[in-house]
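Participant: The structure is given below, and queries will be raised subsequently.
The values are calculated or read from the model by the stated rules, or taken from the named source; none is laboratory data. Predicted model only: the values in this text are computed from it and were never measured. As a convention, Cβ positions derive from the backbone with ideal geometry for all residues, glycine included, and neighbour counts pool all protein chains shown. The area values use the complete protein model at the heavy-atom level, side chains included, leaving out ligands, DNA and RNA. Shrake-Rupley method; radii C 1.70, N 1.55, O 1.52, S 1.80 Å.
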Amino acid sequence: VQLQASGGGLVQAGGSLRLSCTASGTITSIRGMGWYRQAPGKQRELVARIGSGGTTTYLDSVKGRFTCSRDNTENTVYLQMNSLKPEDTAVYYCDAFIDTMNYWGKGTLVTVSS
C-alpha cells in the first residue's frame, strides 16, 4: 500500500491550493484519513482529519479556511486550502488507516509568500 500526495507549491498570501492524496495497492477498507504539517523547527501537527463517514476535525487555526474531503471510490483525500497565510508554510503529509495499519505519504511542500 502506498499513499501519493500532490498539489503543493508556492502561492501568495490570500491564495488557494488543493492537496490530494491517493492510496493504492491491495486495500480492503480505509478508515480515517488526514493531513498533518511540519514547519521548520516545529513539531508535526494535525491539520485535518476525516472519518470513513465524513466526520471532520480541524486544527483551530485553519477552521473556516481549510476543507478536508474524501472520495471513497478513488481512495483519495483532499485538502482545499483557502485564504492561505505565511504561517501555513510547511511540508504537508497525508496519512490513512488502511485495513490494520496506518500509512504515511511523502510530504508535499506548501510555501506561502507574504
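Participant: In region 52-67, is there at least one residue being in contact (Cβ under 8 Å) with a residue 12 or more places away in the chain and within 19 Å of Lys106 (Cα to Cα)?
Facilitator: no
Participant: While we're looking at this one, here's another question. Tell me, please, whether a residue that is in contact with an Asp or Glu (Cβ under 8 Å, 6 or more places away or on another chain), β-branched (Val, Ile, Thr), part of a strand (DSSP E or B) and on the phi < 0 side of the Ramachandran plot can be found in region 1-24.
Facilitator: Checked against the condition, which is being in contact with an Asp or Glu (Cβ under 8 Å, 6 or more places away or on another chain), β-branched (Val, Ile, Thr), part of a strand (DSSP E or B) and on the phi < 0 side of the Ramachandran plot, region 1-24 yields at least one hit.
Participant: Based on what the data block shows, is Asp95 surrounded by 18 or more Cβ atoms within 10 Å (Cβ to Cβ), farther than 23 Å from Val11 by Cα and touching a strand residue (DSSP E or B) at 6+ places or on another chain (Cβ under 6 Å)?
Facilitator: So Asp95 fits the description; yes.
Participant: Of all residues in region 3-20, how many are in contact with a Ser or Thr (Cβ under 9 Å, 6 or more places away or on another chain) and under 14 Å from Val77 (Cβ atoms)?
Facilitator: Qualifying residue count for the region: 7.
Participant: Counting only residues that are assigned to a strand (DSSP E or B) and of a type in the set (S, T, N, Q), which one in region 69-78 is surrounded by the fewest Cβ atoms within 10 Å (Cβ to Cβ)?
Facilitator: Narrowing region 69-78 to residues assigned to a strand (DSSP E or B): 69-71, 76-78.
Right, trim to of a type in the set (S, T, N, Q) and you get 69, 76.
Details: Ser69: 15, Thr76: 20.
Checking each candidate, the answer is Ser69.
Participant: Condition test on Ser61, is it assigned to a helix (DSSP H, G or I) and open to solvent by 20 Å² or more (accessible area, probe 1.4 Å)?
Facilitator: On the way: assigned to a helix (DSSP H, G or I): yes; open to solvent by 20 Å² or more (accessible area, probe 1.4 Å): yes.
Criteria met by Ser61.
Participant: When only residues in region 35-50 that are of a type outside the set (S, T, N, Q), open to solvent by 50 Å² or more (accessible area, probe 1.4 Å) and assigned to a loop (DSSP other than H, G, I, E, B) count, which is farthest from Arg65 (Cα to Cα)?
Facilitator: Residue satisfying both the conditions and the ranking: Gly41.
Participant: Quick check: anything in region 79-101 modelled with pLDDT of 95 or more, within 23 Å of Gln2 (Cβ to Cβ), of a type outside the set (Lys, Arg) and in a loop (DSSP other than H, G, I, E, B)?
Facilitator: yes
Participant: Any chance you could count how many residues in region 1-34 are open to solvent by 60 Å² or more (accessible area, probe 1.4 Å), β-branched (Val, Ile, Thr) and within 15 Å of the chain's Cα centre (by Cα)?
Facilitator: Looking only at that region, the number is 0.
Participant: Among the residues of region 35-74, write down those that are basic (Lys, Arg) and within 12 Å of the chain's Cα centre (by Cα).
Facilitator: Hits for region 35-74 are Arg37, Arg49, Arg70.
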